[in-house]
Every structure is written in structure tokens, then in C-alpha cells.
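Some notes on the structure that comes next.
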Amino acid sequence: MADVIFYGLAGCTANAKQKLQLEAAGHTLVERDLAAEPFTAEDLRTFFGDRPVEEWFNRRAAAVKSGNVKPDELDEASALAALLADRDLIRRPLLQVGTERNAGFDPNALHAWIGLTAVGGTCDDKHARGVCDHGHHHFPKHA
């Protein structure tokens, strides 16, 4: 399992759920406040890899939804300046494991990168195998 530096925003319900999912998969989280982190443009840029600029943005951010910020019209420097000025614009969470960095919570990409399967399986997985230990009664299925 990995030690994951998790840059999220306080009060973000999606980030809260994502942290639980990572912890359930056995990862250790080091939580950082995305709003307070003293990123430089160069630091922030490393989280986006070869993704196009418009994929660096949180599409649900108020400034994007209102049209005040148009991610598909920005170059890298303008995008980084906008992201640093309004951290809600950043596609989150920002994640770091070792020296590798990534942005956003794509379950398939995360599973390929560090693993995202719950340790021991979920209750539903255990029910399917008849081994859930939540005190449920398991009756044999009749044909």
C-alpha cells in the first residue's frame, strides 16, 4: 500500500469520499489543504503531466460554470495563474505518491497506479462469496 499525499479542499464532500476510498484500499493519507499550500506555478504544473490545459480545471467550479473562466481558451501560463489565484478551479484532489503526481480522482487510473480495491473486499463482495461477517444470516438459495 502507498503513502499518498492528498491535496484537497476542506468541506468538499467529494474529497471526503475519495479519502475514505483510498483508506479502505489500505493507503496511508497525508492530508494537505489545497487552499493553503504554497504552490508555485512550476509545482502545480507537475500534477497535470501531458493532459491538455482544459483538463486541469474543476468543471464544477463556480467561475467555470458561469463562463468567467474558459479553460479551453487559456494557455499554460494563464491557466496556472488562474488556478493559483482561485484554488477551487483546480481539478482535485491533487495526489502524490513518491515523486509521481496526478490530478483528479479517476478510479480506473488510480487503480492502475496504486490500487483502489478495498482491502478484504466490500460487504457486497463478501456476500457474493457467502463470507460477510456483519451478523447477517446466509440462507442457501433455492432453485
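The values are calculated or read from the model by the stated rules, or taken from the named source; none is laboratory data. These numbers were taken from a predicted model, which means no experiment stands behind them. Using ideal geometry, Cβ is built from the backbone for each residue, glycine included, and neighbour counts are taken over all protein chains shown. The protein model used for the area step is the full one, side chains on, heavy atoms only, and it has no ligands, DNA or RNA in it. Shrake-Rupley method; radii C 1.70, N 1.55, O 1.52, S 1.80 Å.
Structure data summary
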quantity	calculated
Matching option when the condition is touching a residue at least 12 places away in the same chain (Cβ under 8 Å), part of a loop (DSSP other than H, G, I, E, B) and among the charged types (D, E, K, R), among ARG101, ARG92, ARG32	ARG92
Residue satisfying all of: in the range 8-29; free of Cβ contacts under 8 Å to residues at least 60 places away in the same chain and not in a helix (DSSP H, G or I); most open to solvent (accessible area, probe 1.4 Å) among these	ALA10
Where ILE5 falls short, out of the listed (1) surrounded by 12 or more Cβ atoms within 10 Å (Cβ to Cβ); (2) without any contact (Cβ under 8 Å) to a residue 60 or more places away in the chain; (3) in a strand (DSSP E or B)	(2)
Residue in the range 34-52 that is over 18 Å from the mean Cα position of the chain (by Cα), over 28 Å from ALA2 (Cβ atoms), surrounded by fewer than 19 Cβ atoms within 10 Å (Cβ to Cβ) and of a type in the set (A, V, I, L, M, F, W, C) present	no
